[in-house]
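Q: Quick one: this structure, given as structure tokens, is what I'll be asking you about.
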Amino acid sequence: MQAVVVAVDFSNTSIHAIEYAIPLANKLKSDIILVWVDKISPSESLYPDTSSENRNEAKKRFEEIIATYSRRMGKNLKMEYKLRKGKIYHEVDILAKNERAGLIITGSHGISGFEEYWIGSNAFKIVTYATCPVITVRHDFPLKKSIQRILLPIDSSVETIQKLPYVVRLAHLFKSEVHVVGTHSSHLTSIQRLAEKYVQQSSTYLFSHDIKCVEDNIVATDITKATLQYAKDVKADLIAIMTEQETPANILLGPHAQQLINQSPVPVLSIHPQENFCLK
């Protein structure tokens, strides 16, 4: 049983992330570990060291949160908390590794800069440095008990299909419909054919695992905007992306992935590419 780690700074955004995590953890049959990171070192601060006071306040807040939300956890599942000190994205990743977590969930403020806490400004860093999948969720995304539709953008990079096994796992748990959407901005036939090839491969894989899927295609100069519009049109509950790819023809490379995470009103599942990946 792999735990779900939720990054918390006690803002409304991170409390919302906890509420979002609970039904997901229940389906995954996972414990939830809440983590708060004291990011200010006394040597960097102009003020007296208040780390002990901060930790005591954090403990008090966590005890209140657990008293409120642990009752929503499934049978034999628990919610606990950890306190860390250092760089937020680094400490969240270390905790996830040490606990062998299968998923990290973090709040995202989006492009509005809502609430000046560390969650929003560090959400993409957490995604970038985490070795396990990460879901970023906006403070205003309506809480749901199910993931009915998952949007699976497929580009022309070979890494694009690596998100399939995790998506299949979620789709099985929630009986989700998966929208496999080829995405490219190029009019080059070779690029389009690559994307189409991976769309077909993805659909075949999903069908072989008894997942209901819909195929579609997006050609646009602004792929981020077009993807988010598609997600809105089909009322997607989750968008699954790879965080980075190495080929120059890909769509969701670096800044595009960041734009999608920052701009998406829908939760985004981000997965890192793996070496020697084999789709089974």
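The values are calculated or read from the model by the stated rules, or taken from the named source; none is laboratory data. All values reported here derive from a predicted model rather than from experimental measurement. Ligands, DNA and RNA are excluded from the accessible area calculation, which covers all protein heavy atoms including side chains. Shrake-Rupley method; radii C 1.70, N 1.55, O 1.52, S 1.80 Å.
Q: Apply the Karplus parameterisation 6.51 cos²θ - 1.76 cosθ + 1.60, with θ equal to phi minus 60°, to every residue of segment 73-80 and state each ³J(HN,Hα) to the nearest whole Hz, in sequence, with x for glycine and proline.
A: Whole-Hz 3J(HN,Hα) from phi for segment 73-80: 6, x, 4, 6, 9, 10, 10, 9.
Q: Could you pull out every residue, at least 5 positions away or on a different chain, whose amide H is within less than 5 Å of the one on LEU103? Hs are placed 1.01 Å off N in the peptide plane, and Pro or chain starts have none.
A: Answer set, sorted by chain and number: VAL5.
Q: Determine by what factor the alpha-carbon radius of gyration of the chain differs from 2.2 N^0.38 Å, reporting the quotient.
A: For the chain, the normalised Cα radius of gyration comes out at 1.02.
Q: Let me ask something else. If you plug each phi of segment 194-202 into the Karplus form 6.51 cos²θ - 1.76 cosθ + 1.60 with θ = phi - 60°, what whole-Hz ³J(HN,Hα) values come out, in order, with x for Gly and Pro?
A: Couplings: 4, 4, 4, 4, 6, 5, 4, 5, 5 Hz.
Q: Then there's this: What percentage of the solvent-accessible surface of the chain, computed with a 1.4 Å probe over protein heavy atoms, is contributed by carbon and sulfur atoms? Please report the intermediate quantities before stating the final value.
A: Values: 6780 of 13660 Å².
Answer for the chain is 50 percent, counting heavy atoms of protein chains only.
Q: Separate question: What aspartates and glutamates does LYS39 reach when the alpha-carbon gap must be under 18 Å and sequence neighbours fewer than 8 apart in one chain are set aside?
A: ASP9, ASP49, GLU53, GLU57, GLU91, ASP93, GLU115, GLU116
Q: Next question, about the same structure. Which far-off residues, 5 or more places away or on another chain, put their amide H under 5 Å from the one on ASP9, with H placed in the peptide plane?
A: Long-range HN contacts for ASP9: SER14.
Q: While we're looking at this one, here's another question. Classify segment 122-280 from the C-alpha gyration tensor, please: rounded if a/c falls under 1.5, else prolate or oblate depending on whether a/b exceeds b/c. Please report the intermediate quantities before stating the final value.
A: Working: a/c = 1.27, a/b = 1.11, b/c = 1.14.
Rounded is the answer for segment 122-280, as its axis ratio a/c remains below 1.5.
Q: Here is a further query. So, for the chain, what is the accessible surface per residue at a probe of 1.4 Å, expressed in square angstrom? Spell out each step's value before the answer.
A: Numbers: 13660 Å² over 280 residues.
Roughly 49 Å² per residue, with all protein chains present.
Q: Next question, about the same structure. Pick from ASN122, ASN26, ASN56: which residue has the top mean-square fluctuation in a GNM of the chain where Cα pairs under 10 Å get a spring?
A: It is ASN56.
Q: I've got another one for you. If you plug each phi of segment 153-170 into the Karplus form 6.51 cos²θ - 1.76 cosθ + 1.60 with θ = phi - 60°, what whole-Hz ³J(HN,Hα) values come out, in order, with x for Gly and Pro?
A: x, 10, 10, 9, 8, 5, 6, 4, 7, 5, 7, 4, x, 6, 5, 4, 4, 5
Q: Sort segment 164-242 into rounded, prolate or oblate with this rule: let a ≥ b ≥ c be the square roots of the eigenvalues of the Cα gyration tensor; rounded if a/c is under 1.5, and if a/c is not under 1.5, prolate when a/b is larger than b/c, oblate otherwise.
A: Details: a/c = 2.51, a/b = 1.40, b/c = 1.80.
Verdict is oblate for segment 164-242.
Q: Can you tell me, using C-alpha contacts under 8 Å and at least 6 residues apart, the relative contact order of the chain as a whole percent?
A: 19 percent
Q: Please calculate the 1.4 Å probe accessible area of THR128, with all protein chains present, and give it to the nearest 10 Å².
A: 60 Å²
Q: Share of antiparallel DSSP beta bridges in the chain, in percent to the nearest 5?
A: On the way: 3 of 41 bridges.
Within the chain, antiparallel bridges account for around 5 percent of the total.
Q: Structure shown: which of LYS85/LYS225; LYS212/LYS280; LYS87/LYS232; LYS59/LYS87 lie over 27 Å apart, alpha-carbon to alpha-carbon?
A: Going by Cα-Cα distance, LYS85/LYS225; LYS87/LYS232 fall outside the 27 Å limit.
Q: Continuing with the same structure: Amide H of MET242 versus every other amide H placed in the peptide plane: which residues, excluding those fewer than 5 positions away on the same chain, fall under 5 Å?
A: Under 5 Å from the amide H of MET242 lie the amide H atoms of ILE271, each far enough along the sequence or on another chain.
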